[in-house]
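The values are calculated or read from the model by the stated rules, or taken from the named source; none is laboratory data. Worth saying up front: this structure is predicted, and the values here are computed from it rather than measured. With ideal geometry, Cβ positions are generated from the backbone for all residues, glycine too; neighbour counts draw on all protein chains shown. Keep in mind that these areas ignore ligands, DNA and RNA; they rest on the heavy atoms of the full protein, side chains included. Shrake-Rupley method; radii C 1.70, N 1.55, O 1.52, S 1.80 Å.
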Amino acid sequence: MGATRPLLPYQGSKWRFRRALLETFARAGFSGTPTSVRLDDVGPWGRVAATVVARTPDVLEHLRGFVARDPREVYDSLHKHPVADEDAAYAAQFLFLQRLAYSGKAVGDPEGRWASPGFNTSSAYGLPGTERFGQVNPMIPSLIRVLEGYGLAEVAVSGSRRAALAPETPVERTLVYLDPPYVRSTRYPMGDLDRPGVVALAEGWHDAGATVVVSEGEPVHELVARGWTASLLDPGRQDTSRFRGKQQEWITVSPGPDKEGDRRCP
């Protein structure tokens, strides 16, 4: 859709793999800007993404209101408190908490109340520069600047708070990208999807006629045994940082007939 920067860091982000993923999609016949996007996620992103795209000025208004207050005060007023009913306010609350979440760990809203993994003081207030490290700026103003600078393509974006089950009727020109919870990885606060569920979901969409790409930290062997193709997308980080995922990144892609020409995906 034209984003040149990630909106914010978060657990499970695929930003650094975006180019390799787009190349994979292009090889499957899907390139360019999609005609529509649907994001289904049991966590807040399923509601937030569509709101951020469709109502950017409203979300920014709420975020600017947060900047005018002390970050810790805002955090304490949100964490463990009921989420906003209105979509733009809800999106801003989530983005605020997620941007200040320690190590980008996932923020959830179980039982309609915000649950943050922690308040990162340096992200909230910034840090002065030292001989070893440069200055760290407060991150909520940075988030606002990123959102202000987004010139996204006009694409219809929708979302839901559940896994999108495959339809009973065939689909056309549809690319389904599944990014389930990885095995042996930190759990998300909102729901889960085990390997049999991933396999069933992927096969259901493939049977409906979609091209399906599944991300995981390993090949999805159950799908490979049924004719799908697994490829190593990234070998994993070798540095010593405690805040960066070191697992390998694999994609498992559904089989399909050779397709002529290029096409846009809904």
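GLU148 to LEU193: extension gain in nm, 0.36 nm per residue of separation minus the Cα-Cα distance?
12.7 nm
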### Query
Between VAL155 and ASN137, what length comes free when the chain is fully extended (0.36 nm per residue of separation minus the Cα-Cα distance, one decimal in nm)?
3.3 nm
### Query
What distance in nm separates the simple spin-label points at TYR102 and ALA225, each placed 7 Å from Cα in the Cβ direction?
4.1 nm
### Query
What full-extension length gain, to one decimal in nm, is calculated for LEU165 and ARG64 as 0.36 nm per residue of separation minus the Cα-Cα distance?
32.6 nm
### Task
Along each of the three principal axes of the Cα atoms of region 1-120, give the extent in whole Å, ordering the values from largest to smallest.
48, 27, 27
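Above 24 angstrom, tally the Cα pairs of the chain and express them as a % of all pairs, no decimals.
Tail fraction, whole percent: 53.
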## Note on the structure
Here D for region 106-198, in µm²/s, from Stokes-Einstein with a Kirkwood Rh over Cα pairs at 25 °C and 0.890 mPa s, works out to 135 µm²/s
### Query
What number, in percent, do you get for the relative contact order of the chain if the mean sequence gap of Cα pairs under 8 Å and at least 6 apart is divided by its residue count?
23 percent
### Message
Suppose all protein chains stay in the model; what accessible area per residue would a 1.4 Å probe give for region 95-245, in Å²?
### Response
57 Å²
#### Entry: Loop-located trypsin sites (Lys or Arg not before Pro) in region 165-243, at most 12 other Cβ atoms within 10 Å (DSSP)
ARG184, ARG187, ARG242
#### Entry: Dipole of region 152-203, positive direction: furthest Cα of VAL155, LEU175, TYR188, with charges on the beta-carbon
TYR188
### Intensity falloff of region 13-82 expressed as log10 I(q)/I(0), Debye formula with alpha-carbon point scatterers, at q = 0.19 Å⁻¹
-1.00
